[in-house]
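J.: The structure under discussion is supplied below as structure tokens; questions concerning it will follow.
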Amino acid sequence: MKRVLIVEDSFIVSKLLASLLKAKGFHVRECGTISEALENLKNVDIAILDYQLPDGTGLEVAEKIRRHHPGVPMFLLTARGSSVSRDAASKAGIREYMEKPIEPDLLIQAVEEYCSGAD
């Protein structure tokens with residue numbers, strides 16, 4: 001079972017993403033802050049990161065994941081598309097960049113594609 005880490009401070013968005021991923025057979029861990037995310041990085045196959053978090057940004061999380069777990073694909077979800085450049089996201093190790101509101105089917109498809117190579 002593939003393991004997905006969701007780092008999202010919106011309870012509703014986090015629960016929606018988790019329920020969609022669980023319905024597809026993923027094991028999901030949910031975190032609302034950077035500090036929680038860093039405590040839950042062990043054995044993660046993919047990370048879905050919100051940009052704006054209460055204790056920093058998703059890019060900060062991405063840089064830490066990239067340093068300690070370089071093979072983990074990361075997605076960045078943002079409602080602030082104009083303030084987060086795709087270049088900055090790419091430099092932080094982000095593989096997918098999606099603006100909110102996201103299309104759930106596209107996110108699930110992308111997660112499945114990235115995880116299919118993580119066996």
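Read-outs throughout are calculated quantities, based only on the coordinates presented, and are distinct from any laboratory measurement. This one's a predicted model, so the numbers in the text were calculated from it and none came from an experiment. Heads up, the Cβs are rebuilt from the backbone with ideal geometry, glycines too, and the neighbour counts pull from every protein chain shown.
J.: Select from region 71-109 the residues that are in contact (Cβ under 8 Å) with a residue 60 or more places away in the chain and in a helix (DSSP H, G or I) and write down the one among them that is nearest to the chain's Cα centre (by Cα).
T.: Leu107
J.: While we're looking at this one, here's another question. Scan region 31-74 residue by residue and report those that are under 20 Å from Glu99 (Cα atoms), buried (at least 20 other Cβ atoms within 10 Å of the Cβ) and either touching a Pro at 6+ places or on another chain (Cβ under 8 Å) or charged (D, E, K, R) (or both).
T.: Scanning region 31-74 gives Ile46, Ala47, Asp50.
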